[in-house]
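*Asks:* Provided herewith is a single structure, encoded as structure tokens, for subsequent inquiry.
The values are calculated or read from the model by the stated rules, or taken from the named source; none is laboratory data. Keep in mind it's a predicted model, so treat the numbers as computed, not measured. Quick reminder, even Gly has a Cβ in these numbers, built from the backbone with ideal geometry, and neighbours come from all protein chains shown.
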Amino acid sequence: MFSLNSQHYLKALSVTAVGFAVFIGVGVLVTRLTVHDAVDISAYRCGNPDSLLRVNVNNPFERTAMLLGKSRAVSVSETMVTLESFTIYHIPLGLLRGQSGMRVMIECVPARNE
């Protein structure tokens, strides 16, 4: 009654692949456009929040999530910067570790004005 030929199979496969690519692309755009630093860390010799967090993330799934997501600086003290990270669709990175409100504290040195 219903036969699956190669044309229908390839069409279904291509529609699925395009749909998946659009889903991931929209998720990345949502995160990149909505995550912003809460505090300014330009007065510190730290770099940007994404590069700071990549040094501390060792799980391959978290590294992939960080490529698709974005981090933001939440607070700054004398020598520490607190970061929050989000994956696609603004999902907190801590959910991969089972910690929904996970924040990472990284030591930074204040920049000297010379």
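*Asks:* So LEU52 ticks every box in (1) crowded, with 16+ Cβ neighbours inside 10 Å; (2) modelled with pLDDT of 70 or more but one. Which box is left unticked?
*Replies:* (2)
*Asks:* Taking the residues in the stretch 30-49 that are among the polar types (S, T, N, Q) and at pLDDT below 70 as candidates, determine which candidate is farthest from HIS90 (Cα to Cα).
*Replies:* Here the answer is SER42.
*Asks:* Please enumerate the residues belonging to the stretch 64-79 that are farther than 15 Å from ASP40 by Cβ and part of a strand (DSSP E or B).
*Replies:* The answer is LYS70, and nothing else.
*Asks:* Taking the stretch 57-73 only, how many residues are under 17 Å from LEU33 (Cα atoms) and touching a residue at least 24 places away in the same chain (Cβ under 8 Å)?
*Replies:* Final tally of qualifying residues: 8.
*Asks:* Select from the stretch 88-107 the residues that are touching an Asp or Glu at 6+ places or on another chain (Cβ under 9 Å) and more than 15 Å from VAL39 (Cβ to Cβ) and write down the one among them that is modelled with the highest pLDDT.
*Replies:* Kept after step one, since they are touching an Asp or Glu at 6+ places or on another chain (Cβ under 9 Å), are these residues of the stretch 88-107: 92-94, 96-97, 101-104.
Among the residues that remain, those that are also more than 15 Å from VAL39 (Cβ to Cβ) are: 92-94, 96-97, 101-102.
Working: PRO92: 83, LEU93: 78, GLY94: 75, LEU96: 68, ARG97: 69, GLY101: 68, MET102: 72.
The qualifying residue modelled with the highest pLDDT is PRO92.
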